[in-house]
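I have placed the structure first, in the form of structure tokens, so that the comments after it can refer back to it.
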Amino acid sequence: MATGSGSGAGRASVRPVDRPRGSSTARSKSVAPRRPPSPARARPAADHDATADLCRVRVALRIRPKNADELAQGADFDTCVELQPECKKLKLKKNNWASESYQFDEIFGENSSQKRIYEVVAKPVVESVLEGYNGTVMAYGQTGTGKTYTVGQLGKEDPSERGIMVRALEHILSSMSLETDSVAVSYLQLYLESVQDLLAPEKTNIPIVEDPKTGEVSLPGAAIVEIKDLEHVFQLLQIGETNRHAANTKMNTESSRSHAILIIHLQRSLKIKEETTVSIPSDTEHTLPGDLPLVLKSKLLIVDLAGSERIDKSGSEGHMIEEAKFINLSLSSLGKCINALAENSSHIPTRDSKLTRMLRDSFGGTARTSLVVTIGPSARHYSETSSTVLFGQRAMKVVNTIRLKEEVDYETLYKNVENEVDHLTSEMERQQKLRHREKMQLEKRLKESETFLNDLRMTSSMQIENLEKEKHQFEYAVKRLMQELEEKEGRNNVLSEKIVHLETSLNEKKQQQLESFSTTQILAETTKTYEKKMGELLRELEEERSRSASMKGHFNVLEQQLSDARSSAQFQENTARELKRELSKITQTFTSQVHSLEEKISQLVSEKELIYEELKSTQAKVQDEASHRQSLEAEVLRLKRSKTDNCAEESKTLCGMVRSGSGLGSEAFMHKSGNLKETLASQRGTISKIFEEVGLPNVLALLKSEELEVQIHAVKVVANLAAEDINQEKIVEEGGLDALLSLLETSENTTIHRATAGAIANLAMNVSNQALIMNKGGARLLANIASKTDDPQTMRMVAGAIANLCGNEKWHAMLKQDGGIKALLGMFQTGHTDVIAQIARGLANFAKCESRVISQGHKKGRSLLIEDGVLSWIMANSTMFPPSTRRHIELAFCHLAQNVENSRDIIITGGIKELLRISRESSRDDARNLAKKALNSNPAFLKEIQ
Ligand SMILES: Nc1ncnc2c1ncn2[C@@H]1O[C@H](COP(=O)(O)OP(=O)(O)OP(=O)(O)O)[C@@H](O)[C@H]1O
């Protein structure tokens, strides 16, 4: 119920339908609803009455059929109403001579069906609500005249009985899609000026809230239940009905003592196609592109007012009087508001009651309102009937300004915008990545261009510089040629002068000839001479001229070349390339010279180191010899004292032998020093003599002596004897080898180990002895000693012995099997140079022999050394070898590389690199050649190098 200036009937036909003002979410008229407009809206604008109908409160009158009491009165029943439905008029008879006619929008007789009531009274409002307008359908009338019947009849069993509430909801449910739209209801009653929730009866005194801007009324405390289907509608209305407070009155046992208000909330989705300007809650207008989700929000109030009756007539008493007072108060308040609106009053007293506050929008507001006034036929209630009719008449004068209420569906909009933002963000990130990649590429290209430009600049400046130089050279040459030319020309001039002078002289002579005949002859000769000279000079002149011409030609050629050189970048480039090639050749030559010098230097250095090593070794041996001699002397002295006569005799001999053979050692097989060799040769000579005198069997017998000292000295003597080929045979024949091997196996003494191993090493130099040593398990015994001892000298002897055995391919397999190779490699741990030298020698021997038999086709397969890990050992330690040892290792490795069956292992262990190094850097020609041979002939190596 609008509070501002009211609307009179006179204005009803001209009052325009306003657009919404100040609505936070309202939108422009360009909104196109999805549904076609209803027939009412489609009426032509020129039809003013029709337009007015759209806005004016429509009022219909319904008369209730006679009830049981009235029917019971029969002929006595007196009516005060006469209907003229065809002209929509009601004649209200005060008495037999006074009556008044009232025009209504529709008149319904007692036989009017519920369906027709709905279609005429409520349906237009419901359709309007479906289009987004608010609407009100209300029943007003005296108690018992059929308000509840008209509005709230459920008619669950008999559909024809259904009232406006059920039919409206039925209509709404069939007109909208619950997938996109929603319908919800609140069901309230106003009882004793308190708003109560009929769906949640515990909620009472629900406040009525009015939007100060729009004037819209809401009850936020009320339950709003979303409707699913018609069954649900029945359930809810039934609940509401049960909860509705009803009190019996005398007049009507089922009289409603409260105003019932059903609020149907509708929300319908709309889409607009064009760009739309909307106002968002901040009151700022925004232009949103594309389809904007909109919702139509509307509500329909269906009001079943409590009966209007006079207290005295209703017979109310006590509490019921209170009820009646409140009912009358609210209804009279409604009447006052409607009066005020009808009379266009400046003040509409909507605040006088809660009913008028709740219906504020229904009368004089923005809702489309339809009122049905109900009357009874009885003349007894003339006064109430008249009052009801007048109420309806006044209500007909009230004009509402209906408003379409559309809102932006912020929930959907938010989701859409969020999706759009997501999409745009990912697109932006994609674009940024793309830009970044492009930028990187551009920067790279820019860098390349700059580098290219710089190179070009440098090349150009160099070319210009060269050109300048050449130009200067050409200019200088030209200058010189010009100078020469000038000089020649100068000389030509001199010659010309001379010719002139000679001609003059000739003429003079001719004159003189005339004068002196006697001199004619002379002159003739002189002339001839001069002519000859002149001819020569002329020739010379010609030659000079032609040279000068050729110089000029040459000059021209040079000038041409200069200009060609200036103009032809290609020429310069070619020249530059030529020069570069020349330079590269020179550099290569120089590099190879340097390389060869370096090689020579390295060779010299390694030779120097070799000599140094040998010197050191010799010095050590000399020292050893000295100490051996001392110990032998001590032994002899001791033997003298302790041995039997026979033994004493032998000891004497030995003592003499030792004395005369001072410096005996066990390493004769490896001496190289000249002096030492001489010493040893003299010692051996002495020993041979002693042999003859003492006899080898006696010496060998001492090897089995129980006395350790004796054993030690005896084994040392045998070791020295074994250094001589001639003795070796005898030693073996006399069982010396067996004795030595037995000592090796049984003795725990380090000195004995060392001397015995030395003796075996000496014996192992002989091929036939090698067979004996191997067959008697010598390799296994040597390997055993190697694993037990940590004495470098013992290891040196053992390694030397094994190295000698490595030199015979026949025993390779057994040597490996008996652990000889493993023992050899194991002794590397000692780190002692002499031991490592023996290991390297042994490996070189082994590999060399193996390579030879393989190349001869006597053997096939992978090297036995590889199985024991020699390749890995070489690769791991190659840089640690001293030069003298390295050459042996290089040879061993190169021999292994000759066998194609070893290729794979060599490649896997990184041997190609080592081969390349040896082929370039080795100090030995044979190693270098072997390395090159392997690299060039083995396809697997060639492939690896590529
Ligand atoms: N048009 C009609 N046809 C048949 N019966 C009717 C009609 N109108 C009313 N009645 C009956 O009249 C009685 C009173 O009706 P109803 O209760 O609807 O009146 P009311 O105006 O709502 O009364 P109250 O104001 O006291 O609630 C009910 O029994 C109802 O069925």
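The values are calculated or read from the model by the stated rules, or taken from the named source; none is laboratory data. Note that the structure is predicted; figures quoted are calculated from it, not measured. Cβ sites come from the backbone with ideal geometry, for glycine too, and all protein chains shown count toward neighbours.
Determine if the range 481-494 includes at least one residue that is within 60 Å of the chain's Cα centre (by Cα), farther than 18 Å from E525 by Cα and part of a helix (DSSP H, G or I). No; the residues of the range 481-494 include none that is within 60 Å of the chain's Cα centre (by Cα), farther than 18 Å from E525 by Cα and part of a helix (DSSP H, G or I). Answer yes or no: is there a residue in the range 393-406 that is modelled with pLDDT of 90 or more, among the β-branched types (V, I, T) and assigned by TED's automatic domain parsing to the domain that holds L341. No - not one qualifying residue is present in the range 393-406. Suppose we filter the range 54-80 for residues that are near the ligand (Cβ under 10 Å from one of its atoms) and in a helix (DSSP H, G or I); how many remain? Result for the range 54-80: 1. The set of residues in the range 368-398 being away from the ligand (no atom under 14 Å from the Cβ), crowded, with 21+ Cβ neighbours inside 10 Å and among the polar types (S, T, N, Q) consists of T369, S370.
From L92, L178, grab the single residue that is more than 13 Å from the ligand (Cβ to nearest atom) and surrounded by fewer than 15 Cβ atoms within 10 Å (Cβ to Cβ).
Numbers: L92 fails: surrounded by fewer than 15 Cβ atoms within 10 Å (Cβ to Cβ).
Exactly one of L92, L178 is more than 13 Å from the ligand (Cβ to nearest atom) and surrounded by fewer than 15 Cβ atoms within 10 Å (Cβ to Cβ), namely L178.
Only helices (runs of 4 or more DSSP H) wholly contained in the range 690-797 count here; list those with 1 or more residues that are of a type in the set (D, E) and either under 60 Å from the mean Cα position of the chain (by Cα) or under 24 Å from T830 (Cβ atoms) (or both). Before the answer, list the steps.
On the way: elements: 696-702, 708-722, 725-733, 736-746, 750-763, 767-775, 778-788.
Output list reads 736-746.
Pairs meeting the criteria (first residue in the range 101-113 and assigned by TED's automatic domain parsing to the domain that holds C80, second residue in a loop (DSSP other than H, G, I, E, B) and near the ligand (Cβ under 9 Å from one of its atoms), beta carbons under 7 Å, at least 6 apart or on different chains) are E110/R64; E110/P65.
Output yes when any residue across the range 876-883 is aliphatic (A, V, I, L, M) and at pLDDT below 90, and no when none is. Yes, because at least one residue in the range 876-883 is aliphatic (A, V, I, L, M) and at pLDDT below 90. L237 - would you say it is modelled with pLDDT of 85 or more, touching a strand residue (DSSP E or B) at 6+ places or on another chain (Cβ under 8 Å) and within 15 Å of the ligand (Cβ to nearest atom)? Criteria met by L237. Of all residue pairs spaced 6 or more apart or on separate chains, those with beta-carbon atoms under 9 Å, a first member in the range 201-215 that is more than 13 Å from D361 (Cβ to Cβ) and aliphatic (A, V, I, L, M) and a second member that is modelled with pLDDT of 85 or more and in a loop (DSSP other than H, G, I, E, B) are I206/L219; I206/P220; I206/G221; I206/A222. Of all residues in the range 860-883, exactly one satisfies the criterion of being surrounded by 21 or more Cβ atoms within 10 Å (Cβ to Cβ), over 48 Å from the mean Cα position of the chain (by Cα) and part of a helix (DSSP H, G or I), namely L865. Cβ-Cβ distances below 9 Å connect the following pairs, each with a first residue in the range 825-852 that is outside any helix (DSSP H, G or I), a second residue that is surrounded by fewer than 24 Cβ atoms within 10 Å (Cβ to Cβ), and a separation of six or more residues or different chains: G831/P792; G831/M880; H832/P792; H832/Q793.
When the range 159-168 is filtered for residues that are away from the ligand (no atom under 11 Å from the Cβ) and buried (at least 16 other Cβ atoms within 10 Å of the Cβ), the ones remaining, listed by number, are R162, I164, M165, V166, R167, A168.
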